[in-house]
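Participant: Below you'll find the structure I mean.
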Amino acid sequence: MRLKRNRMCGTLRPADIGSTVCLMGWVAKERNLGALIFIDLRDTTGISQVVVTKEQTPALYEIAETVRGEFVIAVEGIVRERESKNPNLPTGTVEVLASDFQILDRAQTPPIYVRDEDNASETMRLKYRFLDLRKEQMQNNLKIRAKAAKAFRDFLYEHDFIEVETPVLTKPTPEGARDYLVPSRVNPHEFYALPQSPQLLKQILMISGMDRYYQIVKCFRDEDLRANRQPEFTQVDIEMSFVDMEDVIGINERLIAHLFREIKGVEIPLPIRRMTYGEAMRDYGVDKPDLRFGFLLKDLEDIFADTDFVPFANALEAKHSIRGFQIGEHESAYSRKKIDKLVDFVKDYGVNSLFWIKFHEGEMSSSMAKFLTPVQIDALKERFEIDQNGLILMAAGEYERVCAALGNLRVHLAQELELLDNQIFEMTWITDFPLFEYDEDEARYVAKHHPFTKPVEEDIPLLKTNPKAVRAMAYDIVINGDEMGGGSIRINNSDLQNTMFEALGLSQEDIENKFGFFIEALKYGTPPHGGIAYGFDRLVMLLVGTNNIKDVIAFPKTQSATCLMSGAPSKVDEKQLKEAHIKLDA
């Protein structure tokens, strides 16, 4: 390489006029005007315009004539003022008059445009990710991601946290999502697992006396993917010794405030509001409520106590719930036909019917009009604070299903009505979670968070008699309807940990095989400890304002957990299988 870069493309300003610079980058655009060739040269900092003149530098002009989009070139020249200025570019008042020019590599015609808003399909973007990542928006996303990681590290370092790396090859972990398994060549027929979380290891670090630990760590879960989920993801993992819940929440509120100040220039008012799990389910139907809009859920059993409407009467007889919410002045956006389509949405949450009552300029229409009495109508208008206009949407059935259906429906409507502003950040801690939830597929109780969460002290006697009533010393931070982090105070006693495992239906043999090393560690003096783990990818999504996790990960997987660029996963040859002691089932 004959030339030597001394400036970046996006850094040139009027103060540089008259200086000689050498730029290197990709050709974003070229325009041949006969006597002049204009080249927009791009690197990670931005674009500068380069001018090659036929009259002054004919040899360079001949080289420049061969240049096409995405060629990699080096240009040396003098910075001068542009005649035709571009106010949309930071470098738009200056240009470089080329005095030397070198093609560093030629490029084929790209299969996708290297520009934001190119309308390329996601499949093409992922297949040609090396081109997609050249786009300004994608590079900005990764820069914000790096800046966010630095903000975490700076804060935690200043508060005496020690960064410790935990193993990637570890023991398979039950009581969670499916593990990615790795066969051991030197230990035939045995397997490692890629970590779903460093949970046990960070707790052992507390037992080891590390006091304050953190790690920005890769984790892996073999589960179905969604827009905000990937098989491998990044977690900011934090643990502290000799703390209670207030200590953990307190320092993490300051951490969150620091992050938003550094990345968004936004001051987060502290303390962050809190909401119990029960309050969240009551008012929003989900344990990760989006607080940027209203549409609060209301209980309606008392209003329909004497109803003749069969679906509601049956719900009351079964001691189930009747709940609903209303969307106020937005009622005019929903015709009868459009409301009927919402039934398919709630069916995904186990609710078969959606009932509605619409008020428009004082006039009422409803899917259940003939079953409504004047007293019920007046009571509904009062409960939902409706005067002239409003649309009430209602469902009946088991409390959890009704909450899930209506809670997700309210967010769906807010999205349709474009009520969600990504520049507003509404935060809340959710506390007082149940320790267990019942898994119908496994016909047993499973841990709501994980089996190392400490129960509320006064609920510990209920572990053996009434596990459903036990509350957890757990807390989630929810921002704009997404859980950004979750944590708890941990069990720090081997007897209580054994009792917890037994409540989950594990035998002593299961406990010893799966968690024996951890139970052993708990016997040698364990400090009270707790922590939190943030979904780093989700946080970066929030900070850059995207709804797709693939926009903030350099090389993401598809919905089927494949990498379209590299072709992973792929078949391996017989030799590799034999070395790993694996024989495939034909």
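Participant: I'd like the Karplus ³J(HN,Hα) series for segment 489-506: coefficients 6.51, -1.76, 1.60, θ = phi - 60°, whole numbers in Hz, and an x wherever there's a Gly or Pro.
Facilitator: Those phi angles translate into 7, 9, 5, 10, 8, 5, 5, 5, 5, 4, 4, 4, 4, 5, 5, 8, x, 8 Hz.
Participant: To the nearest 10 Å², what's F555's accessible area with a 1.4 Å probe?
Facilitator: Around 110 Å² of this residue is reachable by solvent.
Participant: Taking the Cβ-Cβ separation of Y157 and D299 as r and a Förster radius of 45 Å, what is the calculated FRET efficiency to the nearest 0.05?
Facilitator: Details: r = 48 Å, r/R0 = 1.07.
Using R0 = 45 Å, I get an efficiency of 0.40.
Participant: Something else: Just check segment 200-260 against the gyration tensor rule for me: Cα atoms, a ≥ b ≥ c as the square roots of the eigenvalues, rounded for a/c under 1.5, and otherwise prolate or oblate depending on whether a/b exceeds b/c.
Facilitator: Details: a/c = 2.67, a/b = 1.43, b/c = 1.86.
It is oblate, given that a/c is not under 1.5 and a/b is not larger than b/c.
Participant: Nearest 10 degrees, 0 to 90: what angle lies between the long axis of helix 508-522 and the longest principal axis of the chain (Cα atoms)?
Facilitator: With both axes taken from Cα atoms, the answer is about 70 degrees.
Participant: Related question: Give the calculated FRET efficiency between E509 and D344 to the nearest 0.05, with a Förster radius of 30 Å applied to their Cβ-Cβ distance.
Facilitator: Values: r = 46 Å, r/R0 = 1.55.
Step by step, r from the Cβ atoms, then E = 0.05.
Participant: On a C-alpha basis, how far is the centre of segment 349-428 from the centre of segment 209-260 in Å? Whole number, if you could?
Facilitator: For segment 349-428 versus segment 209-260, the Cα centre distance is 36 Å.
Participant: How high is the FRET efficiency between D306 and R178 when r is their beta carbon distance and R₀ equals 60 Å, given to the nearest 0.05?
Facilitator: On the way: r = 49 Å, r/R0 = 0.82.
The computed FRET efficiency comes out at 0.75.
Participant: Considering all projection directions equally, how large on average is the shadow of the alpha-carbon convex hull of segment 1-52, in square nanometres? Intermediate results must be reported in sequence, preceding the final value.
Facilitator: Working: hull surface 16.9 nm².
The orientation-averaged projected area of the Cα hull of segment 1-52 comes to 4.2 nm².
Participant: Once you've got the Cα coordinates, tell me which of K127/K550; K514/K575; K337/K358 are over 23 Å apart.
Facilitator: Working: K127/K550 13 Å; K514/K575 32 Å; K337/K358 13 Å.
In this structure, K514/K575 lie more than 23 Å apart at Cα.
Participant: Which of the listed residues, L291, G328, F233, is farthest toward the dipole's positive end in the chain, when Lys, Arg count +1 and Asp, Glu count -1 at the beta-carbon?
Facilitator: F233
Participant: Would you tell me the accessible area of D348, worked out with a 1.4 angstrom probe on the heavy atoms of the protein chains, in Å² to the nearest 10?
Facilitator: Its heavy atoms expose roughly 130 Å² to the probe.
Participant: Now, a different point. Debye sum, Cα scatterers, segment 386-539, no solvent: what log₁₀ I/I(0) at q = 0.15, 0.19 1/Å?
Facilitator: Reported log10 I(q)/I(0), two decimals: -0.95, -1.26.
Participant: Considering the values (i) 75, 26, 22; (ii) 51, 36, 23; (iii) 38, 31, 20, which represents semi-axes √(5λ) of the Cα gyration tensor in Å as calculated for the structure under consideration?
Facilitator: (ii)
Participant: Given points 7 Å out from each Cα along the Cα-Cβ axis, report the D387 to R5 separation in nanometres with one decimal.
Facilitator: 6.3 nm
Participant: Another one. I need the phi-derived Karplus couplings for segment 390-398: 6.51 cos²θ - 1.76 cosθ + 1.60, θ = phi - 60°, integer Hz, Gly and Pro marked x.
Facilitator: Listing the rounded values in order: x, 10, 9, 10, 10, 9, 10, x, 4 Hz.
Participant: If you count only protein heavy atoms with a 1.4 Å probe, what accessible area per residue comes out for the chain, rounded to a whole Å²? Display every interim value, and only then the final one.
Facilitator: On the way: 29510 Å² over 586 residues.
That works out to 50 Å² per residue.
Participant: Work out the length of the dipole vector of the chain about its Cα centre, built from +1 on the beta-carbon of each Lys and Arg and -1 on the beta-carbon of each Asp and Glu, and round it to the nearest 20 debye.
Facilitator: So the magnitude is around 2160 debye.
Participant: Same structure again: How would K202, K571, K523, K337 line up by accessible area, probe 1.4 Å, largest first?
Facilitator: Values: K202 0, K571 195, K523 120, K337 150 Å².
Accessible-area ranking of K202, K571, K523, K337, largest first: K571, K337, K523, K202.
Participant: Let me ask you something else. Enter the angle in degrees (range 0 to 90, nearest 10) between the Cα long axis of helix 374-383 and the first principal axis of the Cα atoms of the chain, meaning the one along which they spread out most.
Facilitator: Compared with the principal axis, the helix lies near 50 degrees.
Participant: Roughly what angle does helix 245-264 make with the longest principal axis of the chain, taking Cα atoms, 0 to 90 degrees, to the nearest 10?
Facilitator: The angle comes out near 30 degrees.
Participant: Starting from the Cα of K575, step 7 Å toward the Cβ, then list every residue of segment 172-204 with an amide N under 18 Å from that point.
Facilitator: 185-186
Participant: Which residues' amide hydrogens lie under 5 Å from the amide hydrogen of F101, considering only partners 5 or more residues apart or on another chain, with H built in the peptide plane?
Facilitator: E76
Participant: Could you give the nm distance between label points at L270 and S332, where each point is 7 Å from its Cα heading toward the beta carbon?
Facilitator: 4.5 nm
Participant: Same structure again: Quick one: pull the percent of accessible area on the chain belonging to carbon and sulfur, 1.4 Å probe, ligands and nucleic acids left out.
Facilitator: On the chain, the fraction of accessible area on carbon and sulfur atoms equals 49 percent.
Participant: Same structure again: For segment 200-208, what does the Karplus curve 6.51 cos²θ - 1.76 cosθ + 1.60, with θ = phi - 60°, yield as ³J(HN,Hα) per residue in whole Hz, taken in order and with x for Gly and Pro?
Facilitator: Calculated HN-Hα couplings, in order: 5, 5, 6, 5, 5, 4, 5, 4, 7 Hz.
Participant: With a 1.4 Å probe and every protein chain left in place, tell me how much accessible area R401 has, in Å² to the nearest 10.
Facilitator: 100 Å²
The values are calculated or read from the model by the stated rules, or taken from the named source; none is laboratory data. Here the structure is a predicted model, which means the values were calculated and not measured. Ideal geometry is used to build each Cβ from the backbone, glycine not excepted, and the neighbour counts take in all protein chains shown. These accessible areas exclude ligands, DNA and RNA; they are computed on the full protein's heavy atoms, side chains included. Shrake-Rupley method; radii C 1.70, N 1.55, O 1.52, S 1.80 Å.
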